């Protein structure tokens, strides 16, 4: 009786255990269609989910840093079976892609790191103005993804005469305590942005937009202050220059609108009066310059401002002819009376007639010095 009972219990347990395993059983290993790895080997756990203790078994070498490879599913299953990994669910996957992650250092990043290491050292200026050329045509560099640290220069050598550098860097990583070491050699020179001529230019030509371009040139080629393209356009060279020549600030000047001994037009202006006559420039000048000019009709030397090509404007206030009666007229003014109108006939005579005699000039100068004295004395007298 007891033996029959034990057999019955054993049978019931045998039926119950598979049902419990189905409820609490381990999920079947499943193949992945896309895999990313960071190390130099691909392990079972990278290829399939639910690999269990077999997950750490290496099965393939990883692709090159930053690249992707493809594996047929049949080949993957064969390798897994060789490692005693069976029963892998593949679904409808035909191949497995494996990508090895990497940290990419672009060529520009490497050049910037070198320039930063040389910033304001060895007689160089700002890193932004240092042009770096790496030896052996180094392009983008890929490091293991664990190298997450910044490039730290630990040794820097530079020859100012040749521009050669030799710099060692270290990069901290997350997988080992020892940093990754890098070393670069090449040339580094300080450069400047400067306007450069696109064709041969004579001294008398005015620079047009098409005559000038902007380039970065070695600083040693541009002694002095470099001129920008915007500053050069519309200016005139101080000397003839060849195409490809960088332009310094000292090489350009405002274009001369008037040259020495050039026949010019003299413009004489006062309110309500506009006169022109022929003249001859005694000196050259650019727009806005004050120069002396000879009135060819009156033979008088006038001072005027260059206001255009071959054009000089003489202001009437500074060139009006003084007259002797000015003292008498001014002395008769009272505080509430308006000054006498401008004598335009006298202004015309001043521009076109012969110069006054020394005695007239002296008398006019005396009159000009007496005018404020008379006004002051009248004001004092009236106030008394």
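We did not get these values from a lab; they are worked out from the coordinates using the rules stated. Quick caveat: nothing in here was measured; it's all calculated off a predicted structure. Note that we place each Cβ from the backbone using ideal geometry, even for glycine, and neighbour counts take in every protein chain shown.
As an exercise, use a Förster radius of 45 Å and the Cβ-Cβ distance of residue 214 and residue 30 to find the FRET efficiency, rounded to the nearest 0.05.
Details: r = 61 Å, r/R0 = 1.35.
Efficiency for this residue pair is about 0.15.
Whole angstrom only: what separates the Cα centroid of the range 42-75 from the Cα centroid of the range 80-150?
A separation of 22 Å, based on Cα centres.
Can you grab the distance from the C-alpha centre of the range 211-235 to the C-alpha centre of the range 247-304, Å, no decimals?
Answer, in whole Å: 30.
How much length is gained if the chain between residue 286 and residue 274 is pulled fully straight, taking 0.36 nm per residue apart and subtracting their Cα-Cα distance, in nm to one decimal?
2.0 nm
Can you sort 92, 144 so the residue with the fewest Cβ neighbours within 10 Å comes first? Walk me through the numbers on the way to the answer.
Values: 92 6, 144 20.
In increasing order of surrounding Cβ atoms, one gets 92, 144.
Given contacts defined as C-alpha pairs under 8 Å and at least six residues apart, what's the relative contact order of the range 103-253, whole-number percent?
Normalised by residue count, the contact order of the range 103-253 is 19 percent.
If you rank 62, 53 by fewest surrounding Cβ atoms within 10 Å, what's the result?
53, 62
How far apart, in nm, are the 7 Å Cα→Cβ label points at residue 84 and residue 175?
2.7
Report the calculated FRET efficiency for residue 122 and residue 231 (r = Cβ-Cβ distance, R0 = 22 Å), to the nearest 0.05.
Values: r = 30 Å, r/R0 = 1.38.
About 0.15, to the nearest 0.05.
Could you tell me the calculated FRET efficiency between residue 53 and residue 106, based on Cβ-Cβ distance and R0 = 41 angstrom, to the nearest 0.05? Can you show the working numbers first?
Details: r = 42 Å, r/R0 = 1.01.
With a Förster radius of 41 Å, E is 0.50.
Could you check the spin-label model distance between residue 93 and residue 305? Points 7 Å from the Cα along Cα→Cβ, value in nm.
For the pair residue 93/residue 305, the computed spacing is 8.5 nm.
Within a 10 angstrom radius of the beta carbon, how do 177, 68 rank from fewest other beta carbons to most?
Result, fewest neighbours first: 177, 68.
If each residue of separation counts as 0.36 nm, what is the full-extension length gain between residue 161 and residue 183 once their alpha-carbon separation is subtracted?
My answer for the length gained is 5.8 nm.
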